[in-house]
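Report on the structure given below.
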Amino acid sequence: MKIVISAGDPSGDVRAGELLEELKKITTLEVSGLGGSNIEKAGGNILFNLDEYSVMGFAEVISSLGKFRRLRRLMRSHILSADPDILLLVDYPGFNIPLASWAKRNGYSVIYYISPQLWAWGRNRVRKIRRSVDLMVTLFQFEVDFYTEYGVRAVCSGHPLADSIPLPLKSETGGEIAFLPGSRRQEISLLLAPMIESFIILRDAGMVSSASVAVSPDVPPELYEQAADVEGVRLACSVEDALSDATAAVVCSGTATLETAMWGIPFIITYRTSPMTYLLARMLVRGVSSIGMANIVTDSAIASELIQKDVHAENIVSYVKPLLRDTDARRNSLLGMKLVRKALGQKGSSERAARYILEALNENS
C-alpha cells in the first residue's frame, strides 16, 4: 500500500505512528509526506517536517499563510508524483480539508483519521468532508453520530490511549504537583510561567515540596529554563514520568487532558492563546460549552477550566489546592477519570483503524 500522509501537529504524529505500526503488520507500506519523528520511526519518509508547520490558533495561521501556501504546492506536487493508493489525512483541518478537496477532484482516495472538531466550530465545512473524504475514522462514537447525520461515511476506532494507558496510576495525597504546559512552543511560552509561579506559592505555603514539568522533545529546550532554575522542580521526559508521583496536575487543554485522566490524576485545565485567536474562536465555536477534551468527551465538568486572563498563578493555586488534599473535590475528580476511560473505548483502536483503512482500500480498488 502506497500512502501519502499529512499530519501537521505533534499529537497527530503520535497517533499516525501508532496506526502505521499496525498497518505494517497486515500489509506492505510505502509512506511519505508531512509528519514528524513518530511517523519516521514507523518507517515513513518525512519530506516535510511538522516542526516547521505546527501552529496553534487562527491568528497564528493567518500570519503563516505564505508558508502554508508553499507547503500546499509541495504536497500537491508530491501526491501527483507518488500517485498513492490513499491520501491519509490526520487532524490538522485548516490544511488538510482543502488538500482533501483537491485530491478528490484529481481522482485520489482520501481517508481522514482523527476527526477535526467540526462538531464544535466547523459544521459549515461538513459538506466539503462529504464530497472529498471516502472514509472518516474517528476516535469517539459521538463523532460518528455527528457525521452520519450529515451523510458522511464514518467509523469509530476508539482512542489509542486505551492501549497505551491500560491502567491508571495510584494517585495519593502528599505527592508532587505536575505541570503539562503542552507540546507546542506557543502553549509553553504562555502557560509555563504562571504554572511555575503557582508552584512557588504552594511550595512556600508548605502545601507541596516538589513539582514536575512534562518536557516536549519537539520544542527548543531553552523554553524550560525558567522551570529548571526553580528549587523543587524537575523536568520530566514524558507525560507518564511527570505524572508518576503526582497528587494533582495543571494541564493545557487538548489531548493532555485525556492522558492525565487516563492516568487517574486529578487536574485542572488551562488555556491561553493570542487575543485575536481567542476572539475568533468565540465567534466560531458553537455547540460546546467546554474547552478541555476530557470535559467534552464526557459531557461533564470533570475538571475546572481557566481560560485566557484567568490563567494566573493565584487562580491556579485556588483551583488546584482542593485536589492536593483528601476533599470532596478530589474524590469527585477521581470519579470523573473513570468517565473519560469509558468514553475512550476498548483496547485495540489502532488495530481497528488499520483494518478499516485496508477494507476501504480494497473496496475502492
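The values are calculated or read from the model by the stated rules, or taken from the named source; none is laboratory data. Since this is a predicted model, take the numbers as computed values, not measurements. Note that we place each Cβ from the backbone using ideal geometry, even for glycine, and neighbour counts take in every protein chain shown.
Considering only segment 103-145, state which residues are small (Gly, Ala, Ser), buried (at least 21 other Cβ atoms within 10 Å of the Cβ) and either in the same structural domain as ALA294 (by TED's automatic domain parsing) or within 16 Å of the chain's Cα centre (by Cα) (or both). So that I can check it myself, show each step before the final result.
Applying the first criterion (small (Gly, Ala, Ser)) to segment 103-145 yields 103, 107, 109, 115, 120, 122, 132.
When the remaining residues are screened for being buried (at least 21 other Cβ atoms within 10 Å of the Cβ), the result is 103, 115, 132.
Once the filter is applied, which keeps residues that are small (Gly, Ala, Ser), buried (at least 21 other Cβ atoms within 10 Å of the Cβ) and either in the same structural domain as ALA294 (by TED's automatic domain parsing) or within 16 Å of the chain's Cα centre (by Cα) (or both), segment 103-145 yields only SER115.
Filtered by the rule that a residue be β-branched (Val, Ile, Thr), in contact with a Phe, Trp or Tyr (Cβ under 7 Å, 6 or more places away or on another chain) and closer than 16 Å to LYS104 by Cβ, segment 130-174 gives a lone residue, VAL133.
Close Cβ contacts (under 7 Å, 6 or more residues apart or on different chains) running from residues in segment 202-215 that are in contact (Cβ under 8 Å) with a residue 12 or more places away in the chain to residues that are among the acidic types (Asp, Glu) comprise VAL208/GLU176; SER210/GLU176; ALA211/GLU176; SER212/GLU176. If you go through segment 87-118 and keep only what is more than 19 Å from ALA360 (Cβ to Cβ) and touching a Leu at 6+ places or on another chain (Cβ under 8 Å), you end up with PRO93, PHE95. The single condition from (1) under 23 Å from LEU339 (Cβ atoms); (2) surrounded by fewer than 24 Cβ atoms within 10 Å (Cβ to Cβ); (3) within 23 Å of the chain's Cα centre (by Cα) that THR257 fails is (2). Considering segment 31-44, and only residues there that are closer than 16 Å to PRO10 by Cβ and surrounded by fewer than 19 Cβ atoms within 10 Å (Cβ to Cβ), the residue that is modelled with the lowest pLDDT turns out to be SER37.
Among ALA329, ALA301, which is surrounded by fewer than 20 Cβ atoms within 10 Å (Cβ to Cβ), in the same structural domain as ALA205 (by TED's automatic domain parsing), modelled with pLDDT under 95 and touching a helix residue (DSSP H, G or I) at 6+ places or on another chain (Cβ under 7 Å)?
Values: ALA329 fails: modelled with pLDDT under 95.
Selected residue: ALA301, the only one of ALA329, ALA301 that is surrounded by fewer than 20 Cβ atoms within 10 Å (Cβ to Cβ), in the same structural domain as ALA205 (by TED's automatic domain parsing), modelled with pLDDT under 95 and touching a helix residue (DSSP H, G or I) at 6+ places or on another chain (Cβ under 7 Å).
Do the conditions hold for LEU47, that is, is it surrounded by 18 or more Cβ atoms within 10 Å (Cβ to Cβ), among the hydrophobic types (A, V, I, L, M, F, W, C), at pLDDT 95 or above and assigned by TED's automatic domain parsing to the domain that holds ASP91? Even if it seems obvious, please write down each step before you answer.
Numbers: surrounded by 18 or more Cβ atoms within 10 Å (Cβ to Cβ): no; among the hydrophobic types (A, V, I, L, M, F, W, C): yes; at pLDDT 95 or above: yes; assigned by TED's automatic domain parsing to the domain that holds ASP91: yes.
For LEU47, the condition - surrounded by 18 or more Cβ atoms within 10 Å (Cβ to Cβ), among the hydrophobic types (A, V, I, L, M, F, W, C), at pLDDT 95 or above and assigned by TED's automatic domain parsing to the domain that holds ASP91 - is not met.
Flag: TYR224 matches the condition of being among the hydroxyl-bearing types (Ser, Thr, Tyr), in a helix (DSSP H, G or I), surrounded by 16 or more Cβ atoms within 10 Å (Cβ to Cβ) and assigned by TED's automatic domain parsing to the domain that holds ALA261. Among the residues of segment 191-211, those identified as out of contact with any Ser or Thr (no Cβ under 7 Å at 6 or more places or on another chain), in a helix (DSSP H, G or I) and of a type outside the set (Ser, Thr, Tyr) are LEU192, ALA193, PRO194, MET195, ILE196, GLU197, PHE199, ILE200, ILE201, LEU202, ASP204. Of all residue pairs spaced 6 or more apart or on separate chains, those with beta-carbon atoms under 8 Å, a first member in segment 219-230 that is of a type in the set (Val, Ile, Thr) and a second member that is assigned to a loop (DSSP other than H, G, I, E, B) are VAL219/SER183; VAL219/ARG184. Where strands (runs of 3 or more DSSP E) fall entirely within segment 103-182, those with at least 1 residues that are among the aliphatic types (A, V, I, L, M) and over 30 Å from HIS312 (Cα atoms) are at 110-113, 135-138, 154-156.
Say we look at segment 4-45 and pick out the residues that are β-branched (Val, Ile, Thr) and touching a Leu at 6+ places or on another chain (Cβ under 7 Å); which of these is nearest to ILE97 (Cα to Cα)? Even if it seems obvious, please write down each step before you answer.
Our first condition is that a residue be β-branched (Val, Ile, Thr); within segment 4-45, this holds for 4-5, 14, 26-28, 31, 39.
Then keep just the ones that are touching a Leu at 6+ places or on another chain (Cβ under 7 Å); that gives 4-5, 26-27, 31, 39.
Values: VAL4: 15, ILE5: 13, ILE26: 28, THR27: 27, VAL31: 20, ILE39: 20 Å.
Among those residues, the one meeting the criterion is ILE5.
Please tell me if GLY292 is under 18 Å from the mean Cα position of the chain (by Cα) and within 24 Å of GLY175 (Cβ to Cβ). If you could, list the steps in order and put the result at the bottom.
Details: under 18 Å from the mean Cα position of the chain (by Cα): yes; within 24 Å of GLY175 (Cβ to Cβ): yes.
Against the criterion (under 18 Å from the mean Cα position of the chain (by Cα) and within 24 Å of GLY175 (Cβ to Cβ)), GLY292 qualifies.
I need the full set of residues from segment 1-51 which are outside any strand (DSSP E or B), polar (S, T, N, Q) and under 18 Å from the mean Cα position of the chain (by Cα), in order please. Answer for segment 1-51, where residues must be outside any strand (DSSP E or B), polar (S, T, N, Q) and under 18 Å from the mean Cα position of the chain (by Cα): SER11, SER37, ASN38.
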